[in-house]
């Protein structure tokens, strides 16, 4: 179990508490993804400032959001599903919209996001981590972003990540449910 938790922790740190499954939006409201809201006097500019700081990292290179002249200076693409082996465990990651995004900082107990983010986005205060080592289950939340080089905006996604395994198996699955999304303007 300690190995499983160390894999989960290392993955969470590398991918910014991250990895995700595309949410299918049907004609009904049941699967509709909501837009998140800002606290008073907070907005896109606050997120952009945080994401471009050394406190944040994106994708495999773990660099902050890259912008130049209020335009994305690189593309942030969708993440594909993949299977791989780490420390004798078979890891299955679902595909998800965007590139993972991590923001370091101080966390309240069981919080999925650091205080700096919680002070910008209202809905984050209610998103808590669940750790259930007896049942080989962990739940946390993560961010991802999608945008093309040269654009003056990107889409930000908030996902619930469900990590599951079992005592009798060396298989670990990460499934992702999109909870919120919003288009963020750079200027």
Only one of 94, 112 that is touching a helix residue (DSSP H, G or I) at 6+ places or on another chain (Cβ under 8 Å) and either in contact (Cβ under 8 Å) with a residue 12 or more places away in the chain or buried (at least 19 other Cβ atoms within 10 Å of the Cβ) (or both): 112
Candidates 143, 179 - the one that is surrounded by fewer than 20 Cβ atoms within 10 Å (Cβ to Cβ), in contact with a strand residue (DSSP E or B) (Cβ under 7 Å, 6 or more places away or on another chain), in contact (Cβ under 8 Å) with a residue 24 or more places away in the chain and closer than 22 Å to residue 40 by Cα: 179
Hits in segment 104-130 - residues which are assigned to a helix (DSSP H, G or I) and under 23 Å from residue 62 (Cα atoms): 115, 116, 117, 118, 124
Scan of segment 155-174 for residues that are in contact with a helix residue (DSSP H, G or I) (Cβ under 9 Å, 6 or more places away or on another chain) and part of a strand (DSSP E or B), ordered by number: 156, 158, 161, 163, 164, 172, 174
Extreme residue, farthest from residue 54 (Cα to Cα), among residues of segment 88-103 that are in a loop (DSSP other than H, G, I, E, B) and modelled with pLDDT of 95 or more: 97
Evaluation of residue 101 against (1) buried (at least 22 other Cβ atoms within 10 Å of the Cβ); (2) in contact with a helix residue (DSSP H, G or I) (Cβ under 8 Å, 6 or more places away or on another chain); (3) closer than 16 Å to residue 36 by Cα (one fails), failing number: (3)
Residue count, segment 63-87 (criterion: in contact with a helix residue (DSSP H, G or I) (Cβ under 8 Å, 6 or more places away or on another chain) and part of a loop (DSSP other than H, G, I, E, B)): 3
The one condition in (1) part of a strand (DSSP E or B); (2) at pLDDT below 95 that residue 141 fails to fulfil: (2)
Every residue from segment 128-140 that is more than 16 Å from the chain's Cα centre (by Cα) and either within 21 Å of residue 102 (Cα to Cα) or surrounded by 18 or more Cβ atoms within 10 Å (Cβ to Cβ) (or both): 131, 136
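The values are calculated or read from the model by the stated rules, or taken from the named source; none is laboratory data. Remember, predicted model here, so these are calculated numbers, not experimental data. All Cβ positions, even for glycine, are placed from backbone atoms using ideal geometry, and neighbour counts span all protein chains on display.
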